[in-house]
1. Going through 23, 58, 62 one at a time, which residue ends up being in a loop (DSSP other than H, G, I, E, B) and either surrounded by 14 or more Cβ atoms within 10 Å (Cβ to Cβ) or in contact (Cβ under 8 Å) with a residue 12 or more places away in the chain (or both)?
2. Return the pair list, or none, for Cβ contacts closer than 9 Å from residues in region 99-113 that are small (Gly, Ala, Ser) to residues that are outside any loop (DSSP other than H, G, I, E, B), at least 6 apart or on different chains.
3. Out of all the residues in region 69-94, which are assigned to a loop (DSSP other than H, G, I, E, B), in contact (Cβ under 8 Å) with a residue 12 or more places away in the chain and more than 11 Å from residue 136 (Cβ to Cβ)?
4. Given the conditions (1) within 19 Å of residue 36 (Cα to Cα); (2) assigned to a loop (DSSP other than H, G, I, E, B), report the number of the one that residue 102 does not fulfil.
5. Please pick out the residue among 134, 98, 125 that is at pLDDT 95 or above, small (Gly, Ala, Ser), over 18 Å from residue 19 (Cβ atoms) and surrounded by fewer than 22 Cβ atoms within 10 Å (Cβ to Cβ).
6. Return the only residue of 86, 19 being within 28 Å of residue 124 (Cβ to Cβ) and at pLDDT below 95.
7. Testing residue 57 on (1) within 17 Å of residue 137 (Cα to Cα); (2) modelled with pLDDT under 90, one condition comes back false. Which one is that?
Amino acid sequence: MRVILLLCLLFFPLTVQAEYLGNLSANEFDANSTANSYGAGNPFAPNSITNEFGRYGNPYSNQSATNPYATEAPRLYDQQGNYRGELSSNPYDPDSTSNSYGLYGNPYSPDSLNNQFGAGNPYRSDSPTNPYGSGWRIEGQ
């Protein structure tokens, strides 16, 4: 029986798929935006990053965007599928958007949403700070 199970896992590996949590966007009218309190930013939705009792918004959850010690925070991807760091309040995580010395949190890095002249430019259509744009995709782990 164990041999059959091992062979099945060898030929049919289990894959884990990331969970879509919405878009990090300042657009209040987009249903997928975390700025829309009736859409992806609903504080009562179980998988919303704004739900303080949910897995991705709870300040004590290891998968939360608001836990300063989280190691499995939600990941950000732009509209082309490029990785843009972790949506995390952890200032020590090298991939965190809150690490002011890291690639994705430094206000002088062109890949940072905190750079108003780079990826965080409010006039770029794919920028999370554009109030009419689509923002970046948030994926839970």
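The values are calculated or read from the model by the stated rules, or taken from the named source; none is laboratory data. This one's a predicted model, so the numbers in the text were calculated from it and none came from an experiment. Cβ atoms come from the backbone with ideal geometry, glycine included; neighbour counts cover every protein chain shown.
1. Testing whether each residue is in a loop (DSSP other than H, G, I, E, B) and either surrounded by 14 or more Cβ atoms within 10 Å (Cβ to Cβ) or in contact (Cβ under 8 Å) with a residue 12 or more places away in the chain (or both) leaves just 58.
2. 102/85; 102/96; 105/85; 105/96; 112/84; 112/85
3. 69, 70, 71, 72, 73, 88, 89, 90, 91, 93
4. (1)
5. Of the residues listed, the single one that is at pLDDT 95 or above, small (Gly, Ala, Ser), over 18 Å from residue 19 (Cβ atoms) and surrounded by fewer than 22 Cβ atoms within 10 Å (Cβ to Cβ) is 98.
6. Just one listed residue meets the conditions, 19.
7. Answer for residue 57: the failing condition is (2).
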